[in-house]
Amino acid sequence: MSQLALTLSSGFVNAFLNASGAAGGDAAFLVQQAGIAEAVLKEPGGRVTEDQFVALYRLIAEKYDDELPQLLSHPVRGGALKFGVLSIINAPTMGVAIYRYTRFLRLAIHDFQVELIHSPDISRIVIDEPRGGRRCKTMAIEMVLKVIHGLASWLVGREVRLLRVDFAFDSPPYAQEFQNLFPGPVFFNQPASQIVLDSDQLSLRIQRVPRDVKPFIARLPRDWIFVSFKDSFVTHQVREQLMRMGVGNMNIEEIAEALRMSSRTLCRKLEAERTSFKKVRDDLRRDLAVELLNNSNESMLEIALELGFGEVSSFHRAFRTWTGVTPGTYRHMKDS
């Protein structure tokens, strides 16, 4: 697999279903249409693939004709995001594009205002909520910041590095998913929700032209939720190397050499990002296993060997630790 495989936890997907109001009678039908086994969402360790979540998001957005499906106190009608992208596509730099997009969001969103606060060294994209209390779901704030980051990255043709991401609310149960969604450290219970970046990135030139908008919109929400990580966290660089060179074949010494650092330095950098080589490799094995069980007819032995397990029983034990069920049970849930 040449692309970085990502999965999202059942906790995150269930939170999205609840926030969008689709957790009632319609949920089972929408989940099935998206190719997600309902039993997977009932497992605390259940994982949903990128393709499945994108399909689910589109189905719910179309059902309610709302591009941020019922996350705000009012709908954002279909086509709004396209109009917003078209309004900024001819901006010369990322800074100008983000500023223009915050002006567009003033028209599209009434629950809060989005401000670009620029200084010579550090700039912030801040969500300014009304003093009378929050009007929207907390997931709306998460998604809007993700839209801005994903759109900015797409415009300049590269990952926009973030110094930090702040949220003005408690850490949700699915907070670990933000490591996949944002390329920067995430903090909760902060004075304001915002993304913080080096100001020099605002001078990056726009690489897109109007003809690029149609395919971008056709892929929504994929390209603003799942931005490809290449030059951000060391965690993602390790994951990328394991994907490229074989998750079942590489040890930490070989990965460190590929990243041009010592094993000790790599361990120290991963520890600073609150993870380890074993956890990064196991998370990737889990995501690849979910992908293969969902989208291939490979046998359990073939999958086990591809992921670097010497025998099927070891793969079974690991998968059960990751998800709460055996790979055979997971594949059966997918097919049921």
| query | Within the stretch 212-305, which trypsin sites (Lys or Arg not before Pro) sit in a loop by DSSP and count at most 15 neighbouring Cβ atoms inside 10 Å? | reply | R219, K230, R260, R274
| note | Rounded to 0.05, the calculated FRET efficiency for the beta carbons of F188 and R260 at R₀ = 41 Å is 0.75
| note | With a Förster distance of 22 angstrom and the Cβ-Cβ distance between R219 and M245, calculated FRET efficiency to the nearest 0.05 equals 0.20
| Solution diffusion estimate, µm²/s, Stokes-Einstein, the chain, Kirkwood Rh from C-alpha pairs, 37 °C, viscosity 0.692 mPa s | 156
| remark: Each label sits 7 Å from Cα toward the beta-carbon; between S314 and K278 the label points are separated, in nm, by 1.4
| field | Hull volume in cubic angstrom per residue (convex hull over the Cα atoms of the stretch 72-231) | value | 111
| field | Computed over the stretch 24-143: relative contact order in percent, which uses C-alpha pairs under 8 Å that are six or more apart | value | 17
| query | For the stretch 84-159, treating each Cα as an identical point scatterer without solvent, what Debye log10 I(q)/I(0) comes out at q = 0.14, 0.18 1/Å? | reply | -0.46, -0.75
| query | Along its principal axes, what span do the Cα atoms of the stretch 209-336 show, with the longest given first and each in whole Å? | reply | 49, 43, 23
| Given only helices, namely DSSP H runs of n ≥ 4 each adding -39500 (n - 2.57), what is the per-residue ellipticity at 222 nm of the chain, to the nearest 500 deg cm²/dmol? | -14500 deg cm²/dmol
| note | Dividing the alpha-carbon radius of gyration of the stretch 148-254 by 2.2 N^0.38 Å, where N counts its residues, gives 1.22
| request: Treat each spin label as a single point 7 Å out from the Cα along the C-beta direction, and report the R211 to D26 distance in nm. | output: 3.8
| said: Please compute the modelled spin-label separation between I117 and C267, points set 7 Å along Cα→Cβ, answer in nm with one decimal. | reply: 4.1
| query | How compact and how long is the stretch 146-203, expressed as Rg and Dmax of its alpha-carbon atoms in Å? | reply | 11.8, 36
| What's the center-to-center distance, using Cα atoms, between the stretch 20-76 and the stretch 275-308 in Å? | 25
| remark: In the structure shown, of K63/K214; K42/K137; K146/K214; K137/K214, the pairs separated by more than 25 angstrom at the C-alpha atoms are K137/K214
| said: Can you tally the net charge around Y99? Count Lys and Arg as +1, Asp and Glu as -1, for every other residue whose Cβ sits under 13 Å from the Cβ of Y99. | reply: +3
| the chain - accessible surface per residue (Å², probe 1.4 Å) | 46
| request: With a 1.4 Å probe and every protein chain kept in, tell me what percent of the accessible surface of the stretch 177-283 is carbon plus sulfur. | output: 47
| message | Given contacts defined as C-alpha pairs under 8 Å and at least six residues apart, what's the relative contact order of the stretch 247-336, whole-number percent? | response | 26
| note | Ranking L71, M94, A34 by how far each Cα lies towards the positive end of the charge dipole of the stretch 9-128 (+1 on Lys and Arg Cβ, -1 on Asp and Glu Cβ), the top one is M94
| Beyond 24 Å, what percent of the Cα pairs of the stretch 1-157 remain? | 42
| What is the helix-to-structure angle for 234-245, meaning the angle in degrees between its Cα long axis and the longest Cα principal axis of the chain, kept from 0 to 90 and rounded to the nearest 10? | 50
| said: Give me the percent of accessible area attributable to carbon and sulfur for the stretch 15-57, probe 1.4 angstrom. | reply: 48
| Taking the stretch 28-84, which trypsin sites (Lys or Arg not before Pro) meet the DSSP loop condition and have no more than 14 other C-beta atoms within 10 Å? | R77
| With the contact rule set at Cα under 8 Å and sequence spacing of 6 or more, what percent relative contact order holds for the chain? | 19
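The values are calculated or read from the model by the stated rules, or taken from the named source; none is laboratory data. It should be emphasised that the depicted structure is a prediction, and the values quoted were computed from it without experimental measurement. Cβ atoms come from the backbone with ideal geometry, glycine included; neighbour counts cover every protein chain shown. Side chains are part of the model used for accessible areas, which takes the heavy atoms of the whole protein and leaves out ligands, DNA and RNA. Shrake-Rupley method; radii C 1.70, N 1.55, O 1.52, S 1.80 Å.
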